[in-house]
Structures are given as structure tokens and as C-alpha cells.
Amino acid sequence: MEFDGEFELEDVPPEKAWVVLSDPIAVRNSLKGCQYITPMDDDFSYDDYEADEDAETLPDADPEAVAARAFVEGQEYAALMQVGVGSVKPRFETSVTIQERDEEEFIMTATGTGTASGSSFSMDSGMHIHPLEDGAGSRIEWWTEADISGRIAQLGSRVINPVANKIVNNFFSDIEKQMSDVDETDSGITDRIRGML
């Protein structure tokens, strides 16, 4: 299955969009059903990991903490997602690897796999942030190619597509709110973080 789209952020320049979309905590908070996104190693256990529910995001977070936890090219991350599709509500233990993270071009790509009871998926996804023509905002292109199998796949695209679109729309609406909050209180915070990344 293929999903793609564009999202415009009227008053958020690409530099600010990039900093927020590079923060796993900001992404987790905007992704409905996501309990955590965290770097993983060979000893990682989905059952034993406890997410930091109180981790702050911008503009309240410490800029150095945000820079330190930003997505890293080549790093593998664990994500725990619970998504309701029709009557099925699988809990996906997901592994995502950041394949490319180009800070100059504002491009990030990732691959991932996830398993849940009776369902699994693999995916390739990415985003590219462009400046709007007026120079004051951003246009975010995103895309995902997913191969879904098991119980969820049996529901078919007529059931899956509306759920996926709702998750994406909610995600970008929430991200836009986070970015607007940063914009209202920003005093060079995002520039400082970009310098640390």
C-alpha cells in the first residue's frame, strides 16, 4: 500500500519544522497510539521499557536535551504503537531505522518493520520540507510504502486507508500546534538547537 501527501505550515519556516520533526518525543506526542520512540540496542525489551511520560518538548524543553535526543542517521529506534483498525486493535512492536537525515536539504527517510498478534508490516517512508514561495512557511512532502500482512491486511484498503489518513492528519495538526507554540515563544531556540545537531 502507498500513502503520500503534502502539508503546509503557514508561518513555520523549514528550519523550525525540521527541529520539531527531528525530536522523537515531539513525534511520539503527535502520533496517536504511540507509547514511545526510543533508541534501541541488542538488549532492548519492548515489555520492560518504561517511557518518560513527562519529557518536555519545545518551547519548554532544554534545547540541549532536544538536540541530544534528535533522530540520528543509521540509528535503530523502537516504537510501540497501538492502532485501532475496525474491530482490530493490534499493539505493534516496531523497529525503525533512520536511513538518511540531510539537514541541509531537510530530507529524512526511514525503514521499519512491526509485528503484532496476527499482523505485521514493513515500510519505507520519508519526508522533505520545502520553503513556501512567500518564504514564511513550509511545505512538507511525506510518503510511505507499506506491505501489510495478517489480520489487518484482510480488512482491505477501504478500511485501512481512512484510518491511516486520520492518523496522518491528526499528526500534522498536532505538529503544527507544537511548531506554532515554539514560534510564539522562540528567542533563537531552534537556531541554537540546529547548531547543536
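The values are calculated or read from the model by the stated rules, or taken from the named source; none is laboratory data. On a predicted model such as this, the values are computed, not experimentally measured, just so you know. Every residue, glycine among them, receives a Cβ derived from its backbone with ideal geometry; neighbour counts consider all protein chains shown. For accessibility, only protein heavy atoms count, side chains too; no ligands or nucleic acids. Shrake-Rupley method; radii C 1.70, N 1.55, O 1.52, S 1.80 Å.
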**Message:** Suppose we filter the stretch 68-121 for residues that are modelled with pLDDT under 90 and either hydrophobic (A, V, I, L, M, F, W, C) or not in a strand (DSSP E or B) (or both); how many remain?
**Reply:** 10
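If we scan the stretch 76-87, do we find a residue that is open to solvent by 20 Å² or more (accessible area, probe 1.4 Å) and under 30 Å from residue 104 (Cβ atoms)? Steps first, answer last, please.
Here is the first cut: in the stretch 76-87, the ones open to solvent by 20 Å² or more (accessible area, probe 1.4 Å) are 76, 81-84, 86-87.
With the extra rule that they be under 30 Å from residue 104 (Cβ atoms), the set shrinks to 76.
Looking through the stretch 76-87, at least one residue is open to solvent by 20 Å² or more (accessible area, probe 1.4 Å) and under 30 Å from residue 104 (Cβ atoms).
Name every residue in the stretch 129-147 that is open to solvent by 40 Å² or more (accessible area, probe 1.4 Å), of a type outside the set (Lys, Arg) and assigned to a strand (DSSP E or B), in order of residue number.
Let us first name the residues in the stretch 129-147 that are open to solvent by 40 Å² or more (accessible area, probe 1.4 Å), namely 131, 133-136, 139, 141, 143, 145, 147.
Narrowing further to those that are of a type outside the set (Lys, Arg): 131, 133-136, 141, 143, 145, 147.
Passing the criteria: 131, 141, 143, 145, 147.
Let's see how each residue does on (1) of a type in the set (A, V, I, L, M, F, W, C); (2) touching a residue at least 40 places away in the same chain (Cβ under 8 Å); (3) out of contact with any Leu (no Cβ under 8 Å at 6 or more places or on another chain):
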| residue | (1), (2), (3) |
| --- | --- |
| 108 | yes, yes, no |
| 113 | no, no, yes |
| 120 | no, no, yes |
| 129 | yes, yes, no |
| 138 | no, yes, no |
| 149 | no, no, yes |
| 168 | yes, yes, yes |
| 176 | no, yes, no |
| 180 | no, yes, yes |
**Asked** Taking the stated definitions as given, is residue 159 modelled with pLDDT under 80, open to solvent by less than 60 Å² (accessible area, probe 1.4 Å) and either over 23 Å from residue 29 (Cβ atoms) or not basic (Lys, Arg) (or both)?
**Response** no
**Request:** All but one of (1) in contact (Cβ under 8 Å) with a residue 40 or more places away in the chain; (2) polar (S, T, N, Q); (3) more than 19 Å from residue 33 (Cα to Cα) hold for residue 95, so report the exception by its number.
**Result:** (3)
**Request:** Taking only the stretch 8-28 into account, find how many residues are modelled with pLDDT under 85 and surrounded by fewer than 23 Cβ atoms within 10 Å (Cβ to Cβ).
**Result:** 2
